Amino acid sequence: MQQSQGNTTARMISLRRSKGLGTRDYSISALLSLVTLASILPLLLLGIFGLSQYVAEQHNEQINRLTRYAATLTNAVDRELRGYLDTAEVIAASRFLMEGDLIAFDGLARDAATKARGHIVLIDRSGQQLVNTRVPTGTPLPVTEDMRSLREVVETGKPAAGNLFVGAISNLVLFVVRVPVIVNGEVRYVLSFEPETDVIYKVVQQTYIPEGWLAGVIDGNGRIIARSFRHDQFYGQEASPEFRARLVGSEGLITDSHDLEGRSVLTRYQRSSVADWHILFWAPMSVLNAPLRNSLVLAGALAALTLLASLIAGFLAGRVVADPIRQLLMAARAFGGAKPVHFNRTLMREANVVGQSLIEAASNIASREQALRKSELHTRFVMRELSHRSKNLLAVIQAIARQTSRSTNSVEDFNARLGERLASLGRSQDLLVQRNWQGVSINELISVQLKAFVDTAEPRVTTHGPAMNLSAEAAQNIGMALHELATNASKHGALSVPGGRVGIDWEWTGPENGERRLRLRWIETGGPPVQPPSRKGFGHSVIERLAAASLHGKAELDWLPEGLVWTLDVPESSVTESYSEPSDETA
């Protein structure tokens, strides 16, 4: 009995402990903070892994960039050297050298050197200079200093670009390109071209170099030919023997070198395909590592801030989540009672979406009748406007047909001319329809009317004037006039010959009687001689009278010998118009 009571008591104590543990509650802020922390930790680990991959990729990308820039500079230097070699080979092919006439060749070389922006030296096989454009003709000349490249050209019979040396006459540090002069199957002379001393430096300067990076060129003896930074200070100096010894092969990467400023650098080099030179592109490690270092610092700071902000956000979200729920309940009651719905934006996106949907639904129901009324008014307006435009268009077509029939002698001629004029009118109508009958750009009107005769993008047609939109009536009348002018020009005027030109310009003048006026001119030049027509047809009437009369202005036709000139002068009110639909009150 006592054992049974003891078991019962133990079960009750265990139940109370379970119930106490199971009913323990936590605030929503604490729960959201724990969920946020559990969610963000894997992201932080993934971010650390991704950052390490990013660092490795950036290092490879920097090496690839060095390679690309070095290749670009190498191609530019080789291109420059080939140009000098081509110049030298052209001069070396002179017939004066073939004939041994060195006096005549001296004059030719001096003229060529002036145009080539350098100096030309002719040397015999022993190294004796025979012609040198640096000094006057007849001056005693020394033996050349760069015997190495001279012997190379004599022995191989092939052109070569030399290394830096000090010229005996100029006393300048320079390089030359040499080409053989072959006479009777043997190398009799060597022609040297001495470019200006800074030509390779200019090539380096013209090549894109990222900020903080450097580039340079050294010759086969390790002497600096060009340098993007402090060129004048280091020009002609030798690189260290240790560095030169590491320039092995046609290209390579040096990861642990120092430049002349003493900075640790990453260097990419390539060998020239024209000369025994090396082109260098390098970047200080401090410059290369700066973005990565900044990225690491920024990433660490962002990770810490993100973790802190996430915990704070989770805590605050729990405190503010009750307010959106309360607002949604109030909004739902107002919507059900057909009352105005109000909802203040909260931090909960879903609540904002639901609240905004309730507001929009209530607003849509309230405005539906007003929208229906406006739609009915708009439909009535469109029908009236369509009727008005259709009547005007039919009247214009009738007038065109009537006038065309008076100026034609056959049905075929009538059909052709009427078709062209209706097509012109149709193009103007298309523009008006595209713009909802609210005006047409004068540039578009000119382009559409003239494209059947000439491409307006060609220099044969030039337009000039301020931007403006023409009214429907102005577009129809001016469009017809432009069509008739273009038709006449293509048959008898400037557009009938290849060298003809048409200029169209317009401007605002005045004011006259308190209103500006539009002056539009059509000017033909370069066509056949102009003579006034012996018979005036419908096209002439459109150009000279109908277009101007329809727009309450005036038009002039000048049959100048060099080309037809048409001038249209109309008031602003005839070419522009305002457009508005009727409101509820005017209806």
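Taking the condition modelled with pLDDT of 90 or more and within 51 Å of the chain's Cα centre (by Cα), does VAL177 pass? Reasoning before the result, please.
On the way: modelled with pLDDT of 90 or more: yes; within 51 Å of the chain's Cα centre (by Cα): yes.
Yes.
Of the residues ALA109, ALA88, the single one that is closer than 19 Å to THR137 by Cα and part of a helix (DSSP H, G or I) is ALA109. For region 505-554, the candidate set comprises residues that are in contact with an Asp or Glu (Cβ under 7 Å, 6 or more places away or on another chain), under 17 Å from MET468 (Cα atoms) and among the charged types (D, E, K, R); within that set, the residue that is modelled with the lowest pLDDT is GLU515.
Mind checking which strands (runs of 3 or more DSSP E) fall wholly inside region 507-577 and carry at least 2 residues that are touching a residue at least 40 places away in the same chain (Cβ under 8 Å) and crowded, with 17+ Cβ neighbours inside 10 Å? Filter on region 507-577 gives 515-525, 563-571.
Reported count of residues in region 253-285, each being without any contact (Cβ under 8 Å) to a residue 40 or more places away in the chain, outside any strand (DSSP E or B) and touching a helix residue (DSSP H, G or I) at 6+ places or on another chain (Cβ under 9 Å), is 2. Considering region 323-366, the residues that are more than 26 Å from ILE312 (Cα to Cα) and not in a helix (DSSP H, G or I) include one that is farthest from the chain's Cα centre (by Cα), namely GLY337. Checking the structure you have, find out if any residue of region 226-249 is in contact with a helix residue (DSSP H, G or I) (Cβ under 8 Å, 6 or more places away or on another chain), under 22 Å from GLY162 (Cβ atoms) and in a loop (DSSP other than H, G, I, E, B). Looking for residues that are in contact with a helix residue (DSSP H, G or I) (Cβ under 8 Å, 6 or more places away or on another chain), under 22 Å from GLY162 (Cβ atoms) and in a loop (DSSP other than H, G, I, E, B), one finds at least one in region 226-249, hence yes.
None of ALA38, ALA88, ALA56 is farther than 18 Å from GLU251 by Cα, of a type outside the set (Lys, Arg) and assigned by TED's automatic domain parsing to the domain that holds ALA109 except ALA88. Quick one: which residue in GLU145, GLU152 is within 16 Å of HIS119 (Cα to Cα), out of contact with any Leu (no Cβ under 8 Å at 6 or more places or on another chain) and among the acidic types (Asp, Glu)? Going through GLU145, GLU152 in turn, the sole match is GLU145.
When ILE209 is tested against (1) out of contact with any Lys or Arg (no Cβ under 8 Å at 6 or more places or on another chain); (2) modelled with pLDDT under 90, just one condition goes unmet, and that condition is (2).
When you check ILE224 against the structure, is it closer than 24 Å to ASP146 by Cα, of a type outside the set (Phe, Trp, Tyr) and in contact with a His (Cβ under 7 Å, 6 or more places away or on another chain), yes or no? No, not satisfied.
Condition check ((1) closer than 26 Å to TYR201 by Cβ; (2) in a helix (DSSP H, G or I); (3) touching a residue at least 12 places away in the same chain (Cβ under 8 Å)) across all residues:
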{"position": "LEU45", "(1), (2), (3)": "no, yes, no"}
{"position": "LEU51", "(1), (2), (3)": "no, yes, yes"}
{"position": "VAL55", "(1), (2), (3)": "no, yes, yes"}
{"position": "GLN58", "(1), (2), (3)": "no, yes, yes"}
{"position": "GLN62", "(1), (2), (3)": "yes, yes, yes"}
{"position": "ARG65", "(1), (2), (3)": "yes, yes, yes"}
{"position": "THR74", "(1), (2), (3)": "yes, yes, yes"}
{"position": "ASP78", "(1), (2), (3)": "yes, yes, yes"}
{"position": "LEU81", "(1), (2), (3)": "yes, yes, yes"}
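Of all residues in region 455-475, those satisfying the criterion of being surrounded by fewer than 24 Cβ atoms within 10 Å (Cβ to Cβ), under 38 Å from the mean Cα position of the chain (by Cα) and not small (Gly, Ala, Ser) are ASP455, THR456, GLU458, PRO459, ARG460, VAL461, THR462, THR463, HIS464, PRO466, MET468, ASN469.
Residue by residue, here is whether (1) surrounded by fewer than 16 Cβ atoms within 10 Å (Cβ to Cβ); (2) at pLDDT 85 or above; (3) out of contact with any strand residue (DSSP E or B) (no Cβ under 7 Å at 6 or more places or on another chain); (4) not assigned by TED's automatic domain parsing to the domain that holds GLY162 holds:
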| site | (1), (2), (3), (4) |
| --- | --- |
| VAL217 | no, yes, no, yes |
| GLY252 | yes, yes, no, yes |
| ASP259 | no, yes, no, yes |
| GLY262 | yes, yes, yes, yes |
| GLN270 | no, yes, no, yes |
| ASN294 | yes, no, yes, yes |
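Scan region 302-324 and tell me whether some residue there is within 30 Å of THR67 (Cβ to Cβ) and either modelled with pLDDT of 70 or more or not assigned by TED's automatic domain parsing to the domain that holds ILE224 (or both).
If we filter region 302-324 for residues that are within 30 Å of THR67 (Cβ to Cβ), which is where we start, we get none.
The answer is no; no qualifying residue exists.
Among the residues making up region 168-198, those that are in a loop (DSSP other than H, G, I, E, B), of a type in the set (Val, Ile, Thr) and surrounded by fewer than 24 Cβ atoms within 10 Å (Cβ to Cβ) are ILE169, THR197.
Restricting to region 124-164, and then to whatever is out of contact with any strand residue (DSSP E or B) (no Cβ under 7 Å at 6 or more places or on another chain) and not in a loop (DSSP other than H, G, I, E, B), can you tell me which residue is farthest from GLY100 (Cα to Cα)? The qualifying residue farthest from GLY100 (Cα to Cα) is ARG148.
Here are TYR69, TYR54: which of them is at pLDDT below 90, surrounded by 12 or more Cβ atoms within 10 Å (Cβ to Cβ) and of a type in the set (Phe, Trp, Tyr)? Steps first, please.
Numbers: TYR69 fails: at pLDDT below 90.
It is TYR54.
Spot the failing condition for VAL177; the list is (1) in contact with a Phe, Trp or Tyr (Cβ under 7 Å, 6 or more places away or on another chain); (2) not assigned by TED's automatic domain parsing to the domain that holds SER94, and only one is missed. Going through the list (1) in contact with a Phe, Trp or Tyr (Cβ under 7 Å, 6 or more places away or on another chain); (2) not assigned by TED's automatic domain parsing to the domain that holds SER94, VAL177 breaks only (2).
Whether any residue in region 116-127 is among the hydrophobic types (A, V, I, L, M, F, W, C), without any contact (Cβ under 8 Å) to a residue 60 or more places away in the chain and not assigned by TED's automatic domain parsing to the domain that holds GLN237 is what I want to check. Checked region 116-127: no residue is among the hydrophobic types (A, V, I, L, M, F, W, C), without any contact (Cβ under 8 Å) to a residue 60 or more places away in the chain and not assigned by TED's automatic domain parsing to the domain that holds GLN237. Residues satisfying the criterion are absent from region 478-487 (criterion: surrounded by 14 or more Cβ atoms within 10 Å (Cβ to Cβ), out of contact with any Ser or Thr (no Cβ under 9 Å at 6 or more places or on another chain) and either not in a helix (DSSP H, G or I) or not assigned by TED's automatic domain parsing to the domain that holds LEU568 (or both)).
The values are calculated or read from the model by the stated rules, or taken from the named source; none is laboratory data. Every value quoted in this text rests on a predicted model; they were computed, and no experiment measured them. Every residue, glycine among them, receives a Cβ derived from its backbone with ideal geometry; neighbour counts consider all protein chains shown.
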